[in-house]
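K.L.:
Sharing a structure below in structure tokens format, with a few things to ask.
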């Protein structure tokens with residue numbers, strides 16, 4: 001019954017309903033936050049791979065430990081920023097427009113986990129690609145043209 | 001092409017693939033964390049509604065401000081705990097078994113936002129119901145019987 | 001003088017006094033939170049011990065660093081959750097009923113620190129045992145039967 | 001090959017000692033993070049001013065409290081993001097190029113505090129202006145053209 | 001040379017088993033941290049009481065909400081700092097020397113909760129008194145004379 | 001009575017406009033917070049250097065990883081505490097009195113980053129020296145004599 005109501009609500013074109021369920025009182029969303037964190041993940045991954053894992057100097061041990069830890073933290077941040085978009089910005093009408101929205105975000109979130117678990121430059125690049133895709137979807141729903149760039 | 005590969009992977013029953021993408025190195029997941037936070041949201045909502053909003057004593061102003069703030073924090077925690085399950089525990093094979101998995105979690109996450117935005121006892125109860133449903137799904141995937149209870 | 005007042009207050013059986021000093025406005029306490037964190041500590045300890053400490057591949061270095069860090073974080077969380085119970089839930093009348101309450105929690109908190117300092121599976125198990133004991137005490141004060149289980 | 005490049009880089013005495021003291025191991029800086037937070041501050045300020053402060057309905061009390069709290073948090077975040085740029089990205093050679101660098105950031109940080117202390121739309125706009133100026137300085141030091149935009 | 005000293009230290013069986021269970025690897029403890037937070041609680045309490053609770057100007061609503069929130073945060077910080085001392089610094093031999101150690105800290109922690117729950121200048125002062133007492137105990141165990149002062 | 005005092009204070013036009021821009025509503029500042037964190041950094045640095053980097057026992061790997069991580073965290077905390085002083089406590093009139101204020105804090109903040117990046121006992125000592133200098137400046141602006149001490 002509730003499911004039915006939900007379906008009916010989704011069919012009725014309503015500009016009001018959308019914002020009615022909005023959690024983001026500030027209404028400021030920007031996939032740039034996720035992109036910056038994902039760039040940091042990619043950067044840290046490269047820096048880890050540039051270290052000699054057999055070098056046991058204090059300097060290298062310190063760097064290795066820090067880079068892994070910053071990679072972890074930034075991957076977590078990227079995931080958090082993405083999930084804010086998925087849970088707060090996107091509404092049922094967007095889902096109709098982009099039917100693979102759920103899978104796109106699930107995939108992106110799982111990539112955030114994968115780049116923690118592994119030291120994998122390819123997956124870090126893939127994450128940035130998915131975020132670029134989400135950037136496209138996001139600004140399309142706002143009818144705005146915002147060019148995607150990387151800080152590095 | 002990648003999409004195709006993903007689809008094919010999802011169709012091939014594979015026990016290995018599942019754990020291969022696992023982010024949760026500890027493997028300890030328990031919907032009880034989300035449940036405890038949601039109970040706190042419900043409790044705070046009731047306590048807010050039990051305060052007299054026209055009472056301007058320091059005691060009441062202090063309580064009102066704290067209760068709203070704790071409600072916010074606990075709703076956020078409930079959402080975070082739920083999204084850990086969705087992004088890290090659940091795998092493509094679970095999605096086949098529970099095809100409305102994405103919608104269930106999207107709905108639950110949006111309820112977490114709704115109980116922040118509003119002072120709404122009904123929605124706080126609804127959130128607990130959804131978490132009970134997720135509790136059922138979760139333990140079903142583990143072939144375990146764990147009874148759902150409330151701390152309060 | 002104040003000390004005397006405190007003593008006198010402790011002697012007078014009063015159901016009201018208890019909740020009067022309660023800090024937890026939500027009133028939702030559940031030792032399950034500490035148990036989940038302690039299970040994660042045990043799991044990470046096992047995973048660390050399953051890694052080859054002489055393997056200097058990026059994958060193993062990454063896992064070793066992450067597991068130690070997650071163990072640290074979860075041990076800290078277990079301690080925090082336990083101390084919430086000790087400082088906010090338990091009241092002077094409970095102390096009369098369970099005279100070794102302070103020592104039990106001090107011991108539990110020190111175990112949380114020990115499992116950070118060491119990679120010690122035995123102590124991680126011991127921590128879970130102490131939490132099970134606290135679970136028993138906690139629900140006894142509420143006259144409720146809640147069975148203890150582990151998620152893993 | 002990459003390993004070799006790294007080694008060679010380490011052997012070449014570099015005049016650019018500046019990066020040698022760099023704390024940002026990822027090297028990913030982008031004033032967009034501060035801008036997004038400052039936009040949220042402006043948005044929350046407007047939303048607070050759009051509420052009726054004499055309305056004592058639960059809904060309005062809840063919104064008022066949340067908006068003030070989110071304004072606080074976002075102003076803090078904007079400040080943190082700005083100070084990362086000042087302490088980690090900018091180096092003595094930049095200071096020569098932009099002699100009022102310290103004052104610009106001090107002013108910006110103090111504006112972040114001012115928009116917490118007050119409900120002041122003008123100052124929130126002023127903060128965004130300062131961040132736009134910092135955006136200009138930042139990208140100038142990198143010889144890149146990145147256009148400034150607002151998400152809202 | 002230092003390396004040698006370390007090795008020698010490790011070989012000498014130490015009677016001081018106490019430090020063996022130490023969680024604080026840095027060994028830096030100072031009750032000043034708790035004192036600073038408690039001073040902030042007292043200050044915020046006074047500032048709340050200096051506001052007119054019937055003034056519904058945006059400025060006063062903003063201040064009231066912030067002061068309550070900062071009081072909460074600082075009381076929480078004071079509690080955390082105190083519990084670090086109790087769980088990590090103090091050892092069984094200290095307990096013999098100061099048999100009311102547990103009660104002193106339990107009382108202090110409960111005061112931290114009380115100053116959150118209430119807007120109570122007397123209790124905030126009492127908290128500072130207890131921290132001064134703990135300061136005395138702490139430095140006594142180190143055979144050092146450190147004078148207690150307040151920043152405000 | 002207090003209410004009256006407050007009212008009187010509000011009526012007297014104050015020359016001390018400085019505090020009017022103060023963000024720290026509690027007004028409690030104490031460089032001791034930064035000093036304690038910097039002492040922890042120094043301690044962790046020494047402890048890292050006392051470990052044998054070629055020892056691949058679980059105990060040493062665990063300690064190495066933890067010490068680096070705690071050093072990172074405490075260096076970050078020291079920086080944060082310093083920047084609170086710079087952005088919130090110090091006002092333009094202090095800058096006139098201490099013209100190298102900006103450079104002192106910039107230097108101190110960069111040292112906080114340096115002790116993260118490196119395992120450098122000399123720089124950790126240097127950081128404590130700068131904090132002692134800031135301690136001197138701070139209490140001078142308050143016309144108070146507070147002696148600098150170290151907890152360790």
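Since every read-out is calculated from the coordinates, none of them should be taken as a lab result. Since the structure is predicted, the reported quantities are computational estimates derived from the model, not experimental observations. Here the Cβ is made from the backbone with ideal geometry for all residues, glycine too, and neighbour counts use every protein chain on show.
K.L.:
If one computes the Cα centroid of the range E:72-148 and of the range F:86-152, what distance in Å separates the two points?
P.N.:
If you average the Cα positions of each part, the centres end up 28 Å apart.
K.L.:
Using a label point 7 Å beyond Cα on the Cα-Cβ vector, give me the inter-copy distances for residue F:140 in nanometres, one decimal, shortest first.
P.N.:
3.3, 3.9, 6.2, 6.2, 7.2
K.L.:
List, shortest first and in nm to one decimal, how far the label point of residue F:96 (7 Å from Cα along Cα→Cβ) is from its counterparts in the other copies.
P.N.:
Values, ascending and in nm: 3.2, 6.2, 6.5, 6.5, 7.7.
K.L.:
Okay, next question. Once the label point is placed 7 Å from Cα along Cβ, list for residue C:52 the distances to the corresponding points in the other copies, in nm, shortest first.
P.N.:
Once sorted, the set of distances for residue C:52 reads 2.2, 2.2, 7.3, 7.4, 7.6 nm.
K.L.:
What FRET efficiency comes out for the pair residue A:76/residue D:125, r = Cβ-Cβ distance, R0 = 35 Å, nearest 0.05?
P.N.:
Values: r = 33 Å, r/R0 = 0.93.
Rounded to the nearest 0.05, the efficiency is 0.60.
K.L.:
What distance in nm separates the two pseudo spin-label positions at residue D:107 and residue A:96, each 7 Å out from Cα along the beta-carbon direction?
P.N.:
Result for the modelled spin labels: 5.0 nm.
K.L.:
According to a simple spin-label model (label point 7 Å from Cα along Cα-to-Cβ), what is the distance in nm between residue A:59 and residue D:60?
P.N.:
6.4
K.L.:
For a label point 7 angstrom out from the Cα of residue C:51 toward its Cβ, which stretches of the range A:70-85 have the backbone nitrogen within less than 18 Å?
P.N.:
In the range A:70-85, the label zone of residue C:51 (backbone N under 18 Å from the point 7 Å along Cα→Cβ) covers A:70-76.
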